[in-house]
Amino acid sequence: MKKALHLLVLLLVVSLATGCFGFFKKTYSVKVSWNEEHGDVELPAGLDKVKDGTVVKLEAKPNEGFYFVEWKGEGLTDAQKKQNPLQIAVKQNLELEAIFAEITVTYTLNVEYDAEQGSIEGMPADPTKVIPGTQVTLKAVPKEGYRFGQWGGDDAPENQINQDRVQITVDKDINITLTFVEAPNRDRVVHDTSFESSADGWVPRGAPTVERVTEQARTGDYSIKVTPSSEQGAWNGGALVNLFDQVEVGEKYVFSGWVYHAESEPKRMVMQLHYNDGGEQYKWVHDIEEMPGGVWTKFEGEYTVPENLVGSVFELYFEPPNDKNELVFYIDDVLVLKAE
Ligand SMILES: [Ca+2]
């Protein structure tokens, strides 16, 4: 009987103890060091006992004549090393060092463009004295009557030249150009969308999903994303717009649009037309066999609407021509103009 009681007490103690430990989350310490002659780091309180998973914010403030280079320490991603203020979820003891360096050289960020046609957002306060390693995001802002054209010059990031926002790390003197183009003559416009306010009539062709997204855009904030269905036996085409009510028979039009995909391998993409002139017609207006990933690519071509057009369909669409289409892609800046 006495033995049984002891066992019961022991069980009670063990269960209480383990139960209680659950109330106390693990804590970690965050130690931060830096050279005080070069700068300062703003530290939040309680860094010796940080609860597991807490996000800690550290801001490095260089003294005059110095700049923040990076954080040093185990457990930081490459992106976090350059982040200032640094925000990190603490899941282990951390020993970090803020590295500052003396400003011995500055660089020039020079962008040539026609100020009559537009401007640039995001330029450093003094583009002739940019601290090494500064990251800038430049956005081309066309004036009324103009549109974004292209970035250029040897220092322009090649994969971003066709989009209105570019990210540049100033680690040398940078010389780039920006061109704007004239907005199309309104009398010639049949279809003109950057998907900024709606999908403008673009719908799936077959089983894919077509939705407006902000994760990629050639200009503005939006594009449409085409995501193939993964269902067995689903037929994945692409995305289309029906221009039957906008086009006139016998007239010639210029069709254009921009497409982006993020695959490492080039992919084939075709801009096509579908209509009926007594028989179903599928016309390839522009076929790009090797469309590279990670960059916006332009499709363009002319086509004359046949005199004997019948039915209710004159569809413009983008579609990879392979049977088993699994490509996720984005479309932006579609323009259909009456040819001159
Ligand atoms: Ca857009």
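Just a few scattered comments:
- Cα shape, segment 109-182, gyration tensor, a/c 1.5 rule: prolate
- Efficiency of FRET from Cβ geometry, Q167 and E248, R₀ 51 Å, rounded to 0.05: 0.75
- Rounded to the nearest 20 debye, dipole of the chain from Cβ charges on Lys, Arg, Asp, Glu: 2300
- Shape of segment 128-226, Cα gyration tensor, a/c cut at 1.5: oblate
- Every helix of 4 or more DSSP H residues in the chain counts as -39500 (n - 2.57), and over all residues that averages to -2500 deg cm²/dmol at 222 nm.
- Rounded to 10°, Cα long-axis angle of helix 2-21 versus longest principal axis of the chain: 50
- For the peptides 85-94, 329-338, 222-231, the ranking by packing is 329-338, 222-231, 85-94, with the highest mean count of neighbouring Cβ atoms within 10 Å listed first.
- Local net charge near A217, Cβ-Cβ under 12 Å (Lys/Arg +1, Asp/Glu -1): -1
- Translational diffusion of segment 234-304 was estimated from the Stokes-Einstein equation, with Rh taken as the Kirkwood radius over Cα pairs; at 4 °C and 1.567 mPa s the coefficient is 94 µm²/s.
- Pairs with C-alpha atoms separated by more than 24 Å, drawn from the list K31/K91; K82/K129; K26/K82; K31/K81; K82/K139, are K26/K82.
- Alpha carbon convex hull of segment 186-338, projected area averaged over orientations, nm²: 9.0
- Whether the chain is rounded, prolate or oblate, judged on the alpha carbon gyration tensor where a/c under 1.5 counts as rounded: oblate
- For segment 27-102, size of Cβ-based charge dipole, Lys and Arg +1, Asp and Glu -1, in debye: 440
- Per-peptide packing, taken as the mean over residues of other Cβ atoms within 10 Å, places 260-267, 310-317 in the sequence 310-317, 260-267 from highest down.
- Here the peptides 296-305, 28-37 are ranked by packing, the mean other Cβ count within 10 Å, and the order with the highest first is 296-305, 28-37.
- Local electrostatic count at T169 - Lys and Arg +1, Asp and Glu -1, tallied over other residues with Cβ under 12 Å: 0
Read-outs throughout are calculated quantities, based only on the coordinates presented, and are distinct from any laboratory measurement. Here the structure is a predicted model, which is why all the values come from computation and not from measurement. Counting neighbours? That spans all protein chains shown, and the Cβs are built from the backbone with ideal geometry, glycine included.
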